[in-house]
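A quick write-up on the structure given underneath.
The values are calculated or read from the model by the stated rules, or taken from the named source; none is laboratory data. This structure is a prediction, so every number in the text was calculated from the model and none was measured. As a convention, Cβ positions derive from the backbone with ideal geometry for all residues, glycine included, and neighbour counts pool all protein chains shown. All accessible areas refer to the heavy atoms of the entire protein, side chains included, with ligands and DNA or RNA removed. Shrake-Rupley method; radii C 1.70, N 1.55, O 1.52, S 1.80 Å.
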Amino acid sequence: MVYNDFPSSPNQKGLPAGHAAVKRFMSVPVIENGKVRIIFGVGNKVDEYDDRDVMQLQLVANELHKIMKLRRIENEVRESEAFLRDIMENVSDAIFVKDREARMILANPAYYRLIGKSPEEVLNKTVADFHPPEIARKLAEGDKRVMEAGKGTTLEERIFTSHGWRILQTVKAPYYDGQGNIIGLIGAARDITERRQAEEALKKAHDSLEKLVEERTAELEKSYNSLKESEKKSF
């Protein structure tokens, strides 16, 4: 839209108080996916606007829109990263990410606390570098199955840490790139050692009570049978 005599323009509806006088005006839309995203305008060129000016302004407006879009995406990415970082740092479950070669590329503070290792001892290393051989073998086999199958799973794992033996309920799932290729594994582990110990103690108590009831029942039956025999003899 070009107005080389803006005051005489039929679409001219006046200007706000204090606004500079507009003699000439030109604007172009930026269209994306069939919708107008922004309208970019300039005014008061010394000479009249022509087709070359329109083309140059359209190029500038298109590039400006690209820059604005990139900055908006960058802001959204920063907000998403901050949100995920807040979750990673404050969640109580141990969260970890491994690459296709099962090297640890990311872990949260809860993970380091759980295994009693520092980030320097864990990052860019495999489980074989910070777990005993037999445990490392079982963990690696579980990771490999998830990546080869391409689907998540929940399993129970036993590991030895600086706090002793721990039982973990671990959820593992494939880690995909933007093209849908599996490039690693994402996991979340919850320490259920105390829960399992409580369940085992409850089972032992139940078994002991059941055995005691069986023994007492047998004693009562024996006493009852003895009493019946005595009654028969007395008659």
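When you check residue 122 against the structure, is it surrounded by 10 or more Cβ atoms within 10 Å (Cβ to Cβ), within 23 Å of residue 106 (Cβ to Cβ), of a type outside the set (Asp, Glu) and free of Cβ contacts under 8 Å to residues at least 60 places away in the same chain, yes or no? Reasoning before the result, please.
Numbers: surrounded by 10 or more Cβ atoms within 10 Å (Cβ to Cβ): yes; within 23 Å of residue 106 (Cβ to Cβ): yes; of a type outside the set (Asp, Glu): yes; free of Cβ contacts under 8 Å to residues at least 60 places away in the same chain: yes.
Spelling it out, residue 122 is indeed surrounded by 10 or more Cβ atoms within 10 Å (Cβ to Cβ), within 23 Å of residue 106 (Cβ to Cβ), of a type outside the set (Asp, Glu) and free of Cβ contacts under 8 Å to residues at least 60 places away in the same chain.
Note down all Cβ pairs under 9 Å where the first residue falls in segment 67-78 and is in a helix (DSSP H, G or I), the second is modelled with pLDDT under 90, and they're at least six residues apart or on different chains.
Final answer for the pair search is 68/37; 68/38; 69/32; 69/37.
When you go through (1) touching a residue at least 24 places away in the same chain (Cβ under 8 Å); (2) assigned to a loop (DSSP other than H, G, I, E, B) one by one for residue 26, which number turns out not to apply?
Going through the list (1) touching a residue at least 24 places away in the same chain (Cβ under 8 Å); (2) assigned to a loop (DSSP other than H, G, I, E, B), residue 26 breaks only (2).
Got a number for residues in segment 11-35 being under 15 Å from residue 1 (Cβ atoms) and open to solvent by 90 Å² or more (accessible area, probe 1.4 Å)? Before you say what the answer is, go through the steps one by one.
We begin by selecting, within segment 11-35, every residue under 15 Å from residue 1 (Cβ atoms); these are 11-13, 22, 24-31.
If we keep only those that are open to solvent by 90 Å² or more (accessible area, probe 1.4 Å) as well, we get 11, 13, 31.
Residues that pass the stated criteria total 3.
For segment 43-57, give me the residue count where each residue is under 17 Å from residue 7 (Cβ atoms) and surrounded by 11 or more Cβ atoms within 10 Å (Cβ to Cβ).
Summing the residues that are under 17 Å from residue 7 (Cβ atoms) and surrounded by 11 or more Cβ atoms within 10 Å (Cβ to Cβ) in segment 43-57 gives 5.
For the subset of segment 166-220 comprising residues that are at pLDDT 85 or above and hydroxyl-bearing (Ser, Thr, Tyr), which member is most open to solvent (accessible area, probe 1.4 Å)?
Among them, the one singled out is 176.
Residues in segment 85-92: is at least one out of contact with any His (no Cβ under 9 Å at 6 or more places or on another chain), at pLDDT below 90, among the hydrophobic types (A, V, I, L, M, F, W, C) and open to solvent by 60 Å² or more (accessible area, probe 1.4 Å)?
yes
Take residue 144 and tell me if it is out of contact with any Cys (no Cβ under 9 Å at 6 or more places or on another chain), at pLDDT 90 or above and either under 16 Å from residue 104 (Cβ atoms) or among the small types (Gly, Ala, Ser) (or both).
Values: out of contact with any Cys (no Cβ under 9 Å at 6 or more places or on another chain): yes; at pLDDT 90 or above: yes; either under 16 Å from residue 104 (Cβ atoms) or among the small types (Gly, Ala, Ser) (or both): yes.
So residue 144 fits the description; yes.
Quick check, is residue 101 under 23 Å from residue 183 (Cα atoms), loosely packed, with under 11 Cβ neighbours inside 10 Å and over 12 Å from the mean Cα position of the chain (by Cα)? So that I can check it myself, show each step before the final result.
On the way: under 23 Å from residue 183 (Cα atoms): yes; loosely packed, with under 11 Cβ neighbours inside 10 Å: yes; over 12 Å from the mean Cα position of the chain (by Cα): yes.
The answer is yes for residue 101.
Residues are listed down the side, and each one gets a yes or a no for (1) open to solvent by 80 Å² or more (accessible area, probe 1.4 Å); (2) basic (Lys, Arg); (3) under 11 Å from residue 189 (Cα atoms):
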residue	(1), (2), (3)
109	no, no, no
116	no, no, no
147	no, no, no
154	yes, no, yes
157	no, no, yes
164	no, no, no
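Scan segment 34-45 and report the pairs whose first residue is on the phi > 0 side of the Ramachandran plot and whose second residue is open to solvent by less than 60 Å² (accessible area, probe 1.4 Å), with Cβ atoms within less than 7 Å and a gap of 6+ or a chain change.
Taking only residues 6 or more apart or on different chains, the pairs are 44/22; 44/24.
Out of (1) in contact with a strand residue (DSSP E or B) (Cβ under 7 Å, 6 or more places away or on another chain); (2) closer than 21 Å to residue 58 by Cα; (3) among the small types (Gly, Ala, Ser), what's the single condition that is false for residue 34?
With respect to (1) in contact with a strand residue (DSSP E or B) (Cβ under 7 Å, 6 or more places away or on another chain); (2) closer than 21 Å to residue 58 by Cα; (3) among the small types (Gly, Ala, Ser), residue 34 is out only on (1).
Identify the single condition in (1) acidic (Asp, Glu); (2) open to solvent by 70 Å² or more (accessible area, probe 1.4 Å); (3) closer than 30 Å to residue 170 by Cα that residue 74 does not satisfy, given that it satisfies every other one.
Of (1) acidic (Asp, Glu); (2) open to solvent by 70 Å² or more (accessible area, probe 1.4 Å); (3) closer than 30 Å to residue 170 by Cα, only one is false for residue 74: (3).
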